[in-house]
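Quick one: the structure is below, and I'll ask about it shortly.
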Amino acid sequence: MALPSITAPTFLTKIPSTGQEIKYRPFLVKEEKILLMALEGNDQKEITNAIVTTLDNCIEDGVDVSKLATFDVEYLFLKLRSKSVGEVIELRMSHSTGDCMHRTDVEVNIDAINVTEERPESKIQLNEQIGLKLRYAGVNDLDGVDVSSSADLFGLIVDCIEFIYDTDDVYSDFTKKELTEWLDQLSSEQFKKITDFFEASPKLRHTINWNCLACGTDDTMTLEGLTSFFM
């Protein structure tokens, strides 16, 4: 005899980068197991894969999570976590400077955490004739990437260029080698226009203010990116 089925509730939210409304359900025990195993392994790639898998399972509108911008994935997972576990995240905050080593318990409401409003222009005009179109970096683009490394940042830019254009044509059929050689010809000023796009891209960010119970000092910390909240 078949056991009775349990229907999970569904909720609506919007993808920050596109404004598309989507329907999702809370994650279930089977998804929670995947997330807990990834956390226990303490491997960033495994954690990212677990988050993407969980979102794929829980979003009911056929969205390809792997193609979403990183800040989309971070925001949607926090919304999913809110409906699955609860709206409050408990964090232990410590001073970044000074002698006091006390860790203060702080509660953060997930609904207060938002994506920054920056929306940089994705078409970068390099000179009067030539420009290019960029896309936001996705979770797969950032896998193993250290954006503070010049080599990693260069590789990220190569992966995120959708097309190049001039006054006569649009060019999208190129190899990574061709694109790398083309970027090498840019001036420092032109290349900075490209890196500025990534620096100004939206981010999941929240500022926490708390009072240390040990020393009585008021302190502030800005958390950025999903790992700051998830870990």
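Taken together, the values in this text are just the output of simple stated rules run on the coordinates, not laboratory data. Because the structure is predicted, anything quoted here is derived from the model rather than measured. Note: ideal-geometry Cβ built from the backbone for every residue, glycine included; neighbour counts use all protein chains shown.
Which of Tyr165, Tyr24 has the fewest other C-beta atoms within 10 Å, and how do the rest follow up to the most?
Tyr165, Tyr24
In whole Hz, what ³J(HN,Hα) sequence does the stretch 211-225 give by Karplus (6.51, -1.76, 1.60; θ = phi - 60°), x for Gly and Pro?
Computed from phi, the couplings for the stretch 211-225 are 10, 6, 6, 7, 10, x, 7, 7, 9, 9, 9, 9, 9, 9, x Hz.
Under the rule of -39500 (n - 2.57) per DSSP H run of 4 or more residues, summed and divided by the residues of the chain, what mean residue ellipticity at 222 nm is obtained, to the nearest 500 deg cm²/dmol? Kindly include the intermediate steps, with their values, before the conclusion.
Working: 7 runs with 80 residues, N = 231.
About -10500 deg cm²/dmol.
Considering the stretch 123-200, what Rg and Dmax in Å follow from its alpha-carbon atoms?
My reading of the Cα-based Rg and Dmax gives 12.2, 37 Å.
Given the stretch 123-200, what count of lysine pairs have C-alpha atoms under 14 Å apart, with each pair 8 or more places apart or on different chains?
Lysine pair count for the stretch 123-200: 4.
Among Met93, Met1, Met221, which comes first, second and so on when ranked by fewest other beta-carbon atoms within 10 Å? Walk me through the numbers before you get to the answer.
Details: Met93 19, Met1 3, Met221 16.
The order, fewest Cβ neighbours first, is Met1, Met221, Met93.
Quickly work out the Asp218-to-Glu181 label distance, labels modelled 7 Å from Cα along the C-beta direction, and quote it in nm with one decimal.
For Glu181 paired with Asp218, the spin-label model returns 6.0 nm.
If you don't mind, there's one more thing I want to ask. Listing Glu128, Glu224, Glu60 from the residue with the fewest other Cβ atoms within 10 Å to the one with the most, what is the order?
With the fewest neighbours first, Glu128, Glu224, Glu60 line up as Glu128, Glu60, Glu224.
Could I have the simple spin-label model distance between Lys123 and Thr167, label points 7 Å from Cα toward Cβ, reported in nm to one decimal?
Each label point lies 7 Å from its Cα, and together they span 1.6 nm.
Okay, moving on. Which ³J(HN,Hα) values, rounded to whole Hz and listed in residue order, are derived for the stretch 28-38 from phi using the Karplus coefficients 6.51, -1.76 and 1.60 in 6.51 cos²θ - 1.76 cosθ + 1.60 with θ = phi - 60°, glycine and proline given as x?
Coupling constants for the stretch 28-38: 9, 4, 5, 6, 4, 4, 4, 5, 5, 5, 5 Hz.
Give me D for the chain in µm² s⁻¹, whole number, from Stokes-Einstein with Rh from the Kirkwood sum over alpha-carbon pairs, 10 °C and 1.306 mPa s.
Value of D from the Cα-based Kirkwood radius: 78 µm²/s.
Using all Cα-Cα distances in the stretch 146-189, what percent lands in each 5 angstrom bin from 0 up to the longest?
Final binned percentages: 5, 18, 28, 26, 15, 5, 2, 0.
What fraction, in whole percent, of alpha-carbon pairs in the stretch 5-54 exceed 16 Å separation?
Of all Cα-Cα pairs in the stretch 5-54, 55 percent lie more than 16 Å apart.
Compute, for the stretch 123-200, the length of the dipole vector about the Cα centre, with Cβ point charges of +1 (Lys, Arg) and -1 (Asp, Glu) only. Units Debye, rounded to 20.
140 debye
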